[in-house]
Amino acid sequence: MKSLVVYYSRTGTTKTVGKAIAKELKADLDEIIDLKKRLGPINWFIAASDATRRKLTKIKVKKKPESYDMIIIGTPNWNKNIAPAVRTYLTDHNLDGKKVGFFCTSDNKNTKKLFEEMKKLISKSVGSLAVRAKEVKSGSYDEKVKSFVKSLKK
């Protein structure tokens, strides 16, 4: 099964988890590039507001998800919402008939709303993984990734 892990990461935390999932799954990796500036304190507040208002943005990716059987999509948790770049990715690509899994990185434990929102944007999902930012910083997320990938292979 040909697999793709695609993610958006403003600070590198989601990228770290995405790379680990892709390595464990032996999948291709692609980064969603948000063409709107999101770095810096002021832009962080604007980004959180855009996520809360479910705004879309202009993005760039290298790989076509239509070429894959399984796509794993990662987002940071911004105010319990999907990052605008990931929302745009889910809106712009027809993932019908694909196995789709989700992961997010978050400073808090409440990711239920975020995953429910992601599931609404596609026809079928096969699983989700939440990793706390402090787990990424300490490197203690490996077992979660292995368990998630194992569940995807079933």
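Taken together, K113, K146, K99 contain a single residue that is touching a residue at least 24 places away in the same chain (Cβ under 8 Å) and under 23 Å from D50 (Cα atoms), which is K113. If only residues of segment 27-52 that are among the charged types (D, E, K, R) and surrounded by 14 or more Cβ atoms within 10 Å (Cβ to Cβ) are counted, the one that is farthest from N77 (Cα to Cα) is D28. The lone criterion from (1) touching a Pro at 6+ places or on another chain (Cβ under 7 Å); (2) crowded, with 19+ Cβ neighbours inside 10 Å left unmet by Y7 is number (1). Scanning segment 1-57 for residues that are within 17 Å of I82 (Cα to Cα), in a helix (DSSP H, G or I) and among the β-branched types (V, I, T) gives T13, T14, V17, I46, T52. Total residues in segment 66-100 satisfying the condition of being over 23 Å from N110 (Cα atoms), of a type in the set (D, E, K, R) and not in a strand (DSSP E or B): the figure is 5. Go through the residues of segment 116-125 one by one and say whether even a single one is touching a helix residue (DSSP H, G or I) at 6+ places or on another chain (Cβ under 7 Å), in contact (Cβ under 8 Å) with a residue 24 or more places away in the chain and within 20 Å of A27 (Cα to Cα). Looking for residues that are touching a helix residue (DSSP H, G or I) at 6+ places or on another chain (Cβ under 7 Å), in contact (Cβ under 8 Å) with a residue 24 or more places away in the chain and within 20 Å of A27 (Cα to Cα), one finds at least one in segment 116-125, hence yes.
Considering (1) more than 12 Å from the chain's Cα centre (by Cα); (2) under 19 Å from V149 (Cβ atoms); (3) at pLDDT 95 or above, the lone condition that K98 does not fulfil carries the number (3). Would you mind stating whether K60 is touching a residue at least 24 places away in the same chain (Cβ under 8 Å), in contact with a Lys or Arg (Cβ under 9 Å, 6 or more places away or on another chain) and more than 20 Å from K134 (Cα to Cα)? No: the conditions fail for K60.
The values are calculated or read from the model by the stated rules, or taken from the named source; none is laboratory data. Please read these numbers as outputs of a predicted model, since none were measured by experiment. Reconstructed Cβ throughout: ideal geometry from the backbone, glycine too, with neighbour counts over all protein chains shown.
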